[in-house]
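Only one structure is covered here, and it is reproduced in the block below.
The values are calculated or read from the model by the stated rules, or taken from the named source; none is laboratory data. Since the structure is predicted, the reported quantities are computational estimates derived from the model, not experimental observations. Don't worry about glycine lacking a Cβ; one is built from the backbone with ideal geometry, like all the others, and counts go over all protein chains shown. Protein only, heavy atoms only, side chains kept; ligands, DNA and RNA dropped before computing areas. Shrake-Rupley method; radii C 1.70, N 1.55, O 1.52, S 1.80 Å.
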Amino acid sequence: MKRIAVYPGTFDPVTNGHLDIVHRAARQFDRLIIAILRNQDKEPMFDLEERIRLLNDSVGDLDNVEVDSFDGLLVDYAMNVGASMIVRGIRALSDFEYELQMAMMNRRLQPGLEAVFMMPSETYSYLSSRLVREVATLGGNLEGLVPEVVRVALLRRHPAGGRRQAD
Ligand code: PNS
């Protein structure tokens, strides 16, 4: 039986920390589906189509990884695609409480589904999409922290950042 895992998130935008988790998870499962949450309360920096494109461009080298989107309950999506595991990254203890709450709620909703937590390389232990958006908006250098396609997309959106990086 194939081991299918879902790696859900907002990915606004995908960072090298996310990709670190994707590479680790892709080695552990037969199929990994990166599932982008569609409906959000807050307005994302990148719309869904762009987040899908940026992720697809970033994981093209991995044969058993695909990118999809979902709305509604994560557990319903996971069951629909035949997944038995949900993968989440944990960077620090501060992530743990939120992740534990979600994992426990998901377990209550769908007891057969397991949560797997993975730690990214310490290089990315402080990295988040929120900080990436903030640094990009203020013109900071994001080289090495996001895939090149994301860096280019951020520069296009925030040309002021591009000027400062060119200095
Ligand atoms: O990258 P994020 O924003 O931390 O990802 C959060 C995500 C998408 C995993 C979470 O919000 C989620 O699973 N949303 C789907 C709705 C749901 O199933 N809610 C109940 C589970 S606690």
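Quick notes on this structure:
- Residue identified as among the aromatic types (Phe, Trp, Tyr), more than 21 Å from Ile90 (Cα to Cα) and assigned to a loop (DSSP other than H, G, I, E, B) among Phe46, Phe11: Phe46
- The sole residue among Val81, Val22 that is of a type outside the set (Ser, Thr, Tyr) and farther than 30 Å from Arg157 by Cα is Val81.
- Here Asp95 passes the criteria (1) touching a Lys or Arg at 6+ places or on another chain (Cβ under 6 Å); (2) modelled with pLDDT under 95 except the one numbered (1).
- Condition met for Asp61 (acidic (Asp, Glu) and either within 24 Å of Ala136 (Cβ to Cβ) or open to solvent by less than 20 Å² (accessible area, probe 1.4 Å) (or both)): no
- Residue in region 45-53 that is under 16 Å from the mean Cα position of the chain (by Cα), of a type in the set (Asp, Glu) and either within 13 Å of the ligand (Cβ to nearest atom) or exposed (fewer than 13 other Cβ atoms within 10 Å of the Cβ) (or both) present: yes
- Restricting attention to region 102-115, the residues that are near the ligand (Cβ under 7 Å from one of its atoms) and of a type outside the set (A, V, I, L, M) total 1.
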